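Below you'll find the structure, written out as structure tokens, and then a few comments.
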Amino acid sequence: MNNWSWEYVGDILPDLLHGLWITVQATLLGSLVAFALGLVWALALRSPSRWVTWPVSIVVEFVRNTPLLVQLFFLFFVLPGWGLTFDPLTTGVIGLGLHYSTYTAEVYRAGIDGVPEGQWEAATALSLPRRRTWTAVILPQAFRRVVPALGNYVIAMFKDTPMLAAITVAELLFQANSISATTFDYMEPITVVGVLFIVISYPTSLLLRALERRLVR
Amino acid sequence: MSDDSNPTQPGQPAQPAPPTVGTAEDGPELVRFDRVTKRFGAHTVLDSLDMTVYSGKHVTLIGPSGSGKTTILRLLMTLLKPEEGKIKVGDAYLTHEEKNGKLVPASEKHCREVRKNIGMVFQQFNLFPNMKVLRNITEAPVHVLGLGKDAAEERARGLLDLVGLTQHIDKYPSQLSGGQQQRVAIARALAMRPQVLLLDEVTSALDPELVAGVLDVLRDIAHTTDITMLCVTHEMNFARDISDCVMMFDQGRVIEFGTPEKIFSEPENDRTREFLSAVL
Amino acid sequence: MTGALWELFFEGVWITVQLMVYSAVLAAAVAFGIGLARTSRLWIVRFLSGVYVEFFRGTSALVLMFWLFFALPLLGWQLAGLWAGTLALGLSYGAYGSEVVRGSVQAVAPAQREAAIALSFTPWQRMRKVILPQAVPEMMPPFNNLLIELLKGTALASLLSIGELTFQAKLARLSTGQSAQVYGIILVLYFVIAFVVTRIMRLLERRAKASIGRAPEKSGWFSRRLPIGGPGPQVTTAPGGKP
């Protein structure tokens, strides 16, 4: 039974907070990639040509149904062999973004499909041009459904960032591990990391639920 | 709510004598409401209701929607709890139980014991979609009353014969029409051999052409058994056929009651006249 | 790729499947226990089960796994790697699963409960004979999602040096140096496992629905219906799914 040492916690906190900053960066940058790439998938999947939809749906299903950790290893070890060398954080952001884009694609699809058929019909009956139908009628309504769901995936991504430690990104878990490797005391670093995750993700999810109540009527 | 719906003191002039259906000669007193009040927030749905129904009587509750008639059935089924007053079914209180000679609010177990005497048929049938017709009917007799499986199935077959659905015994509710589902629901309620049968707008959710079949079954039951019925319905002809007593509800109170002949032919209360001219 | 490497991979697949099954059993137990506790009439039961759910949904599964493996032994409990992995995955995914159970149970029409009351069933009989048989088929698609997420989560156990598929891939990479081939192959192996799991779950869903007289919904070749936030009684699943 070891004794919890607040002094030790105080010593390691600066390093951990630095790790937290990297974690937050990875989450936010990963989200941007996921939001953009997901939209690409979603629009490609609405294509009338099956020469587009088939390959895209296979890629999306494949990425969605295989472990992010293995995808990260793939990017980390394989890309340099193809002459694409990135620093670990960039590789991690690409991995997170790619993986979660297969989820956001589904969010966009459901958001668009969730707009009632009658809205399309009404837009047609008013002879609204296609572009106008999308920007003035469909997307604003889809937006309300999409935003909270995207937010939930940002939180999920946040909780997946510790995987980046495996490809040497100096985020929270990596920091905790390297501290423990020198002090041989795992209790405080890992406990503090766990607490930091809850302290950030729980209030964020409460905020999202409040936002959702306002947006989804 | 308008002002005249405020909870009134019992014994105010507008209140007629408490409705009583039947006499001791008909058999034991079966259902009694004793100053029962039910509120939803500030809205008083039942206002200090007194009512007595003797065994074997058929009572129809009529009145505009929101007047409290369905509330009476839901109180009797313990789906709602009254704010004030007592409800007695047979010898036992539904809302209270006697402990050491004192009346205390009923426990869940006590409620369950008393409500075994009561069956209910719902507007939306509420058959269990996960059970075939036969099991819908036998499930409660077997697992609540402890009836043997064979005896319960025999009872179910007899009841299905009564409601004319023997050939559908092995189907799921989703494979039946609304009228057929409702007849199964009637059989399911009767399989518990209740003393009181509650019918809550049982034809309101049916397509018009299916209503007659269900009402015929109920007429048959009313005329050939000695089961006590409390019935909320908008089918006035049916009410006329089966009722010993019709009670007119308005704003949580019985404003008039009597035989169907009296209520439908020569109602005394203006509100009753208005209501009947609107629905007949 | 030599035969020895394939042997390595299949050993890994075997451990991965074991880890998934053990965690899934634990997660299912937690999901039903906590999920039903959240519909309890007692506020304290609802509150405590709610705390459980929020705690494990707020935690990162990998951090939890590390804590169980590295920190818990300092309190005197030494867990074997496989059990630390099972515990972390089972407790976390059980929390997500409990939301599925709660949502499906609450989505059963209130009238069904009333009908069961009218037939004098006890509360437990109501749950077992009326509510759960109708709720369980609805749980199948979201449980399928969770099972795939759980399968993906088993890869985390490689970081505790458990010899499952991802760990074996690391060994293979170190011995052959052929990263692209090694990771390409195990990604396909994971995909195949996920596909098999999905087919099995679809089969179970069809069975469950047939047993209550309903036809299953049509679906595509690899359909997982992902949870999307929206109005109405919602059954949510993936990590980050809406509560």
**Complete:** Taking the chain alone as reference and the full protein assembly as comparison, with a 1.4 Å probe on protein heavy atoms only, the residues of the stretch A:1-34 that lose at least 20 Å² of accessible area are A:Met1, A:Asn2
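A 21 angstrom limit on the alpha carbon distance is what I want to check against. Which of B:Lys171/C:Lys129; B:Lys38/B:Lys262; B:Lys171/C:Lys209; B:Lys132/C:Lys209 exceed it? Numbers along the way, then the final one.
On the way: B:Lys171/C:Lys129 18 Å; B:Lys38/B:Lys262 29 Å; B:Lys171/C:Lys209 15 Å; B:Lys132/C:Lys209 13 Å.
In this structure, B:Lys38/B:Lys262 lie more than 21 Å apart at Cα.
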**Request:** At 7 Å along the Cα-to-beta-carbon direction for both C:Arg207 and C:Val45, put a label point, then send me their distance in nm to one decimal.
**Result:** 2.9 nm
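Using a probe of 1.4 angstrom, how much of the accessible area of the stretch C:144-204 is carbon and sulfur, in percent?
Working: 1350 of 1950 Å².
Reported share for carbon and sulfur atoms: 69 percent.
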**Asked** Using the per-residue mean of other Cβ atoms lying within 10 Å as a proxy for protection, in what order, highest first, do the peptides B:172-180, A:27-35, A:129-137 fall?
**Response** A:27-35, B:172-180, A:129-137
**Message:** Between C:Trp6 and C:Ala180, what's the calculated FRET efficiency when r is the beta-carbon distance and R0 is 25 Å? Round to 0.05.
**Reply:** 0.90
**Request:** Kindly identify chain B as rounded, prolate or oblate by the Cα gyration tensor criterion: order the square roots of the eigenvalues as a ≥ b ≥ c, call it rounded if a/c is under 1.5, otherwise compare a/b with b/c, prolate if a/b is larger, else oblate.
**Result:** oblate
**Item:** Max mean-square fluctuation residue, GNM over chain B, Cα-Cα springs under 10 Å, options B:Leu134, B:Leu197, B:Leu80
**Value:** B:Leu80
**Prompt:** Averaged per residue, what accessible area in Å² does chain C show with a 1.4 Å probe, protein chains only?
**Reply:** 40 Å²
**Request:** With the Cα gyration tensor of chain C in hand, convert its eigenvalues to equivalent ellipsoid semi-axes via √(5λ) and list them largest first in whole Å.
**Result:** 37, 23, 14
**Message:** Take B:Phe40 and B:Thr166, extend 7 Å from each Cα along the Cα→Cβ direction, and tell me the distance between the two endpoints in nm.
**Reply:** 4.4 nm
**Message:** Just to confirm my numbers, what's the Cα centroid distance between the stretch A:67-135 and the stretch B:259-273 in Å?
**Reply:** 70 Å
**Asked** So who's got an amide H within less than 5 Å of the one on B:Gly258, skipping anything under 5 residues away but keeping other chains? H placed 1.01 Å off N, in plane.
**Response** B:Val246
**Request:** Could you calculate, for the stretch B:91-229, the ratio of the Cα radius of gyration to the Kirkwood radius, expressed as Rg to Rh?
**Result:** 1.02
**Complete:** Carbon plus sulfur, as percent of the 1.4 Å-probe accessible area of the stretch A:6-215, comes to 69 percent
**Message:** Ignoring ligands, DNA and RNA, please state the percent of accessible area on chain B from carbon and sulfur, probe 1.4 Å.
**Reply:** 46 percent
**Complete:** In nm, the gap between the two label points placed 7 Å beyond Cα toward Cβ at B:Glu266 and B:Ser65 is 3.4 nm
**Request:** Mind listing the long-range amide H neighbours of B:Lys57? Cut-off is under 5 Å, sequence gap 5 or more, other chains count too, H placed in the peptide plane at 1.01 Å from N.
**Result:** B:Met229
**For the stretch C:62-69, 3J(HN,Hα) per residue [Karplus equation, 6.51 cos²θ - 1.76 cosθ + 1.60, θ = phi - 60°, Hz, x = Gly/Pro]** = 5, 5, 4, 4, 5, 4, 5, 7
**Request:** Give, ordered by residue number, each residue of the stretch C:120-164 whose 1.4 Å probe accessible area is reduced by a minimum of 30 Å² on adding the remaining protein chains to the chain alone.
**Result:** C:Ser120, C:Phe121, C:Gln125, C:Lys129, C:Gln134, C:Lys152, C:Leu156, C:Leu159
**Message:** From the helices alone, meaning DSSP H stretches of at least four residues, give me the mean residue ellipticity at 222 nm for chain C, per-run term -39500 (n - 2.57), in deg cm²/dmol to the nearest 500.
**Reply:** -22500 deg cm²/dmol
**Asked** On average, how much accessible surface per residue is there in the stretch B:8-116, in Å², for a 1.4 Å probe, leaving out ligands, DNA and RNA?
**Response** 47 Å²
**Fill in**
Calculated from DSSP helices alone, with each H run of at least 4 adding -39500 (n - 2.57) and the total divided by the residues of chain B, [θ]222 nm to the nearest 500 comes to -10000 deg cm²/dmol
**Fill in**
Karplus ³J(HN,Hα) for the stretch A:113-123 (6.51 cos²θ - 1.76 cosθ + 1.60, θ = phi - 60°; Hz, whole; x = Gly/Pro) runs 5, x, 6, x, 3, x, 5, 5, 5, 5, 5
**Message:** I need the calculated FRET efficiency for the pair B:Thr259 and B:Glu84, taking r as the beta carbon distance and R₀ as 30 Å, to the nearest 0.05.
**Reply:** 0.50
**Calculated from backbone phi, Karplus (6.51, -1.76, 1.60) coupling profile of the stretch A:146-158 in Hz, x at Gly/Pro** = 6, 4, x, 5, 4, x, 4, 6, 5, 5, 4, 5, 3
**Förster radius 56 Å - calculated FRET efficiency between A:Leu13 and A:Leu128, Cβ distance, rounded to 0.05** = 0.50
**Request:** Note the full-extension length gain between A:Leu43 and A:Phe143 as 0.36 nm times their separation in residues minus their Cα-Cα distance, in nm to one decimal.
**Result:** 34.5 nm
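Tell me, what is the per residue accessible area of the stretch A:112-217 in Å², probe radius 1.4 Å?
Accessible surface, normalised per residue, equals 48 Å².
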**Highest-fluctuation residue, C:Leu82, C:Leu91, C:Leu189 considered, GNM on chain C with Cα pairs under 10 Å** = C:Leu189
**Item:** C/A buried area, accessible surface, summed, 1.4 Å probe, Å²
**Value:** 4400 Å²
**Request:** For B:Lys102, list the lysines whose Cα falls under 22 Å from its own Cα; do not include residues on the same chain fewer than 8 positions away.
**Result:** B:Lys81, B:Lys86, B:Lys88
**Message:** Report the C-B buried area as the accessible area lost on both sides summed, probe 1.4 Å, in Å² to the nearest 100.
**Reply:** 2000 Å²
**Fill in**
Log entry: pair-distance distribution for the stretch A:73-114, C-alpha pairs binned every 5 Å from zero, whole % per bin is 6, 21, 22, 15, 12, 10, 8, 6, 1
**Request:** Over every pair of different alpha-carbon atoms in chain A, take the mean of 1/r and invert it; report that Kirkwood radius in Å.
**Result:** 19.6 Å
**Prompt:** What is the packing order of peptides B:124-130, C:27-33, taking the mean over residues of other C-beta atoms within 10 Å and listing the highest first?
**Reply:** B:124-130, C:27-33
**Asked** Across the residues of A:191-201, average count of Cβ atoms on other protein chains within 10 Å?
**Response** 4
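The values are calculated or read from the model by the stated rules, or taken from the named source; none is laboratory data. Given the structure is predicted, the values throughout are model-derived calculations rather than measurements. A quick note on method: Cβ atoms are made from the backbone with ideal geometry, for glycine too, and the neighbour counts reach across all protein chains shown. Keep in mind that these areas ignore ligands, DNA and RNA; they rest on the heavy atoms of the full protein, side chains included. Shrake-Rupley method; radii C 1.70, N 1.55, O 1.52, S 1.80 Å.
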